[in-house]
1. Show me, bin by bin at 5 Å from 0, the whole-percent P(r) of the range 29-152 based on Cα pairs.
2. Relative contact order for the chain: what is it in percent, counting Cα pairs under 8 Å that are at least 6 residues apart?
3. Extending each Cα 7 Å along its Cβ direction at LYS175 and GLN279, get the distance between those two points in nm, one decimal.
4. So, counting K/R as plus one and D/E as minus one, what does the shell of residues with Cβ under 9 Å around SER257 add up to?
5. Helix 274-286 sits at what angle to the longest principal axis of the chain, using alpha carbons and giving 0 to 90 degrees rounded to 10?
6. Helix 342-358 against the longest principal axis of the chain: what's the angle in degrees, Cα atoms only, rounded to the nearest 10?
7. Excluding same-chain residues fewer than 8 positions from LYS98, which lysines have a Cα within less than 16 Å of its Cα?
8. Dipole magnitude of the chain about its Cα centre, charges +1 at Lys/Arg Cβ and -1 at Asp/Glu Cβ only, in debye to the nearest 20?
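What follows is calculated from the coordinates using simple rules that are stated; it is not laboratory data. Quantities reported herein were computed from a predicted structural model and do not represent experimental measurements. So basically every Cβ, Gly included, is an ideal-geometry build from the backbone, and we count neighbours across all protein chains shown.
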Amino acid sequence: MTKTLILFSVMFGMSAQAGFHYTQEVKVIDPAHRYLRALSKHPELIVDHPTHLGYEVYGPNGLQAFLTKYKIKFVNVEPLATKRLLDNYPSAEDTVKKEQDLQKQYPSLITLIEIGKSVEGRSLMFARITAPATKGRALAARPEFKFIANMHGDEIVGRELMIKLIEDLASNYGKDQRITQILDNTQVYILPSMNPDGATHKVRYNAHGVDLNRSFPDFTTSDNVNDWHNREPEIQAVMKFQAQHNFKLSANFHGGSEVVNYPWDTDQKRHPLDSYLQQISLNYTRVVPYLWNSTEFKNGITNGYDWYEVDGGMQDWSYYWHKDIQLTIELSGTKWPDYSTVANYYQANRPGLLEYIEETQHTPTPKIRY
Ligand SMILES: [Zn+2]
């Protein structure tokens with residue numbers, strides 16, 4: 001406890017909210033997670049991806065001296081942006097162009113919706129894929145489903161999987177019975193990249209240096225009003241879009257670990273739909289062997305808070321304010337693996353992605369209030 005209080009009392013004198021202050025990145029060596037809670041509660045630090053060895057910590061200048069002072073072991077992480085051999089991925093612009101090309105190729109199935117622009121003016125482009133209104137279930141009766149990837153710019157696999165999924169769904173409509181069923185009954189919305197600036201610069205943050213998955217309203221913190229004003233443009237765009245729709249089920253994709261994470265992230269209290277959330281998480285991992293056979297997480301799933309607390313995450317915001325059930329899917333232990341491995345990740349995850357979209361037909365309309 002004393003240690004915790006000391007950690008809380010040390011400030012770097014800068015507010016992370018102001019951006020551009022996460023200049024240092026380390027991996028803390030802490031198998032017993034002795035410092036995990038205190039560090040994750042520190043207002044100027046971000047903790048991510050705990051394992052049986054340790055976890056990532058992001059912070060301002062002075063982070064390493066701070067850890068050294070408290071005799072917390074760590075290793076430096078070489079920023080992705082300085083590494084070589086990473087340029088074989090499509091650019092953020094290529095990604096939007098690919099969405100546009102697919103829309104031109106399948107105009108009766110794909111509609112593009114630009115929900116806003118990033119700090120540096122890059123397009124935030126959703127693709128909506130559903131059967132033509134003349135086919136399948138009446139359009140207004142098809143529930144809405146949503147995938148968002150790449151909100152952390154350096155976690156790139158999800159973005160590529162989303163492009164492959166759009167193409168897979170569109171090209172197999174009317175040919176593959178399962179996919180035809182999905183598109184006849186569901187409106188599938190996919191945002192391949194919520195942080196194209198971060199992806200361009202190969203950093204976690206947006207171009208203001210803000211972590212987009214720590215900056216949504218959070219019912220457990222003082223930032224507990226569902227208001228998009230004074231938030232980052234990428235967050236505003238997602239919040240406004242969400243308010244205009246009635247999504248029943250969704251997921252957001254990350255990298256740096258391999259696990260399906262279900263709510264809550266921010267609260268120790270169990271979610272009112274806890275057993276349902278576990279069931280749909282297991283339905284995903286059961287058909288994705290590398291997740292199911294995880295040595296770190298039983299059957300490749302975890303309650304968010306049990307793993308580590310995240311405040312201001314999109315997942316909890318989505319359910320708390322919009323009753324849109326959202327999972328956080330960590331796809332790859334390596335955040336930016338060689339591009340040649342992306343096809344393997346897609347093939348491995350495809351059964352889980354389809355299973356999860358199909359679940360939209362069964363999602364309960366929660367009656368529980370809390
Ligand atoms: Zn992430």
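1. 2, 7, 13, 13, 11, 11, 10, 10, 9, 7, 4, 2, 1, 0
2. Relative contact order, the chain: 17 percent.
3. 3.5
4. With Lys, Arg at +1 and Asp, Glu at -1, the neighbours total -4.
5. Rounded to the nearest ten degrees, it is 70.
6. Tilt relative to the chain: about 70 degrees.
7. Those lysines meeting the cut-off are LYS164.
8. Working: 39 positive and 43 negative charges, 88 e Å.
The dipole magnitude comes to about 420 debye.
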